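Please read the structure below before turning to the comments.
The values are calculated or read from the model by the stated rules, or taken from the named source; none is laboratory data. Here the structure is a predicted model, which means the values were calculated and not measured. Virtual Cβ from ideal backbone geometry, glycine too; neighbours counted across all protein chains shown. These accessible areas exclude ligands, DNA and RNA; they are computed on the full protein's heavy atoms, side chains included. Shrake-Rupley method; radii C 1.70, N 1.55, O 1.52, S 1.80 Å.
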Amino acid sequence: MTAAPDADVEVRALLTALDGQRRHVLGALEGLDEEALRRPVLPSGWSCLGLVQHLALDVERFWFGAVVAGDARVIAALDEVEDAWRVEAGVAASDVLDRYRREVRLADAVIGATPVAAAPAWWPHHLFGEPHLHTLRDVLLHVITETACHAGHLDAAREIIDGRRWLVLT
């Protein structure tokens, strides 16, 4: 079943907005070395690398692989990482960034194969109770918001680390 032309336009618009935020996340970190990527910046102790891992596992993989697609392997693997915000010392920064890019590609495949009005295939009642996101559209809007929020966190972290600012309008 193919989506209606208006639905295709809507999904493309939402995906364009999400892709902009994804690029912002990666762009905000360009040029940082491994030490800077791992440096805790705020009192809560998260690092830029931990935030990217959170986006890969708790956002892209969770919302699209588990919730939208209902992929049993993804759902079964959700508890494999105790705290996605913490990157183990032996994990290279490039591996975390590559994982994010890979999860984005997998998410895009799910988005491309799912009608915008489709209900989630799986819902984590144990985490959120009754569903509050009812369609792919709702999930896309949620993920755009969460990714944009975290892109802003990375902007602030980057400015603290080395003074670089992502975008300044004058």
Problem - Value at 222 nm in deg cm²/dmol, rounded to 500, when DSSP H runs of n ≥ 4 in the chain each add -39,500 (n - 2.57) - result: -18000 deg cm²/dmol
Completion exercise
By accessible area (1.4 Å), largest first, Ser47, Ser94 order as Ser94, Ser47
Problem - Part-to-part distance (alpha-carbon centres) for the range 80-133 and the range 39-67, which is given in Å - result: 10 Å
Exercise for the section: Net charge near Phe64: determine it from the other residues with C-beta under 10 Å of the C-beta of Phe64, scoring Lys and Arg +1 and Asp and Glu -1. Expected result: -3
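Using the Cα atoms of the range 124-170 to build a convex hull, what is its mean projected area in square nanometres?
5.1 nm²
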Exercise for the section: Provide, for q = 0.18, 0.32 Å⁻¹, the log10 of I(q)/I(0) from a solvent-free Debye sum over equal Cα point scatterers in the range 91-141. Expected result: -0.72, -1.12
Problem - From phi via Karplus (6.51, -1.76, 1.60), per-residue ³J(HN,Hα) for the range 104-118 in Hz, x at Gly/Pro - result: 5, 4, 4, 4, 4, 5, 5, 4, x, 9, 10, x, 4, 9, 5
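Cβ under 15 Å from Thr16's Cβ, Thr16 left aside: what net charge do those residues give with Lys, Arg +1 and Asp, Glu -1?
0
Dividing the convex hull volume of the Cα atoms of the range 78-170 by its residue count, what figure in Å³ per residue is obtained?
Values: hull volume 15.2 nm³, N = 93.
Value for the range 78-170: 163 Å³ per residue.
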Practice task
Work through the residues other than His142 whose Cβ is under 15 Å from its Cβ and net out their charges, Lys, Arg +1 and Asp, Glu -1.
Solution key: -1
Completion exercise
dims of the range 17-87, Cα set, principal axes, largest to smallest, nearest Å -> 36, 29, 19
Practice task
Could you tell me which GluC sites (Glu not before Pro) in the range 70-170 are loop residues by DSSP with no more than 11 other beta carbons within 10 angstrom of their beta carbon?
Solution key: Glu80, Glu82, Glu88
Fill in the blank from the handout: Checking rank on 48-55, 106-113, 150-157, with mean other Cβ inside 10 Å and highest first, the result is 48-55, 150-157, 106-113
Exercise for the section: Compute the long axis of helix 136-162 from its Cα atoms, compare it with the longest principal axis of the Cα atoms of the chain, and write down the angle in degrees, 0 to 90, nearest 10. Expected result: 0 degrees
Problem - For the chain, radius of gyration divided by Kirkwood radius, i.e. Rg to Rh on alpha-carbons - result: 0.99
Practice task
Give the longest segment of the chain that steers clear of trypsin sites (Lys or Arg not before Pro) in DSSP loops with at most 16 neighbouring Cβ atoms within 10 Å, not counting the sites themselves.
Solution key: 1-85
